[in-house]
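Chemist: Here it is: the structure, laid out below.
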Amino acid sequence: MSDVYAQLTALDITLPPVAVPAAAYVPFVQTGNLIFLSGHIAKRDGQVWTGQLGKDMDTATGAQAARAVAVDLLGTLQAATGDLNRIKRVVKVMSLVNSTADYTEQHLVTNGCSELIGQVFGNTIGAHARSAFGVPQLPLGACVEIEMIVEV
């Protein structure tokens, strides 16, 4: 696996700064060798990316939103570690997808995040356990919220 920053450059990704929490929590917590990243909601052009899958958003757009969340998660992870090359393993990704009761493609939406994580860290470090849930609403009307656990 090449340098993580070379991968980001190749993908034309610039990491954002850590977002200021919107409530009573911190962006990340490290305990031992694990870093837990708080849920990050989808943003587009600096604004909350709103919508509900199965109502006013399709799966492909939801996957783009999940990819955008992955970029934000990487920005927070950069702040937490000081060097993304320190990541030994992406352990788990948990995705909440704002979706209608009959929508069943939450896993495909979440692929937008998982695939980018795999591209950035490679198959060994980036392969992770995952959960994808459909929920009737997310904070601020966001379409997707994702949290992540990594090992350093």
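The values are calculated or read from the model by the stated rules, or taken from the named source; none is laboratory data. All values reported here derive from a predicted model rather than from experimental measurement. Quick reminder, even Gly has a Cβ in these numbers, built from the backbone with ideal geometry, and neighbours come from all protein chains shown. Side chains included, ligands, DNA and RNA excluded: accessible areas come from the protein's heavy atoms. Shrake-Rupley method; radii C 1.70, N 1.55, O 1.52, S 1.80 Å.
Chemist: Scan the stretch 117-152 for residues that are of a type in the set (S, T, N, Q), surrounded by fewer than 14 Cβ atoms within 10 Å (Cβ to Cβ) and closer than 26 Å to residue 10 by Cα and report the count.
Modeler: Matching residues across the stretch 117-152 total 2.
Chemist: May I ask you to verify whether residue 108 is more than 21 Å from residue 3 (Cβ to Cβ) and outside any strand (DSSP E or B)? Lay out the reasoning, then the answer.
Modeler: Working: more than 21 Å from residue 3 (Cβ to Cβ): yes; outside any strand (DSSP E or B): yes.
For residue 108, the condition - more than 21 Å from residue 3 (Cβ to Cβ) and outside any strand (DSSP E or B) - is met.
Chemist: Determine which member of the set 60, 79, 22 is open to solvent by 50 Å² or more (accessible area, probe 1.4 Å), farther than 21 Å from residue 112 by Cβ and assigned to a helix (DSSP H, G or I).
Modeler: 79
Chemist: If you check 114, 95, which single one turns out to be among the polar types (S, T, N, Q), open to solvent by less than 50 Å² (accessible area, probe 1.4 Å), under 13 Å from residue 148 (Cα atoms) and assigned to a strand (DSSP E or B)?
Modeler: Within the list 114, 95, the selection yields 95.
Chemist: Tell me which residues, restricted to the stretch 1-26, are modelled with pLDDT of 90 or more and polar (S, T, N, Q).
Modeler: 7, 9, 14, listed by residue number.
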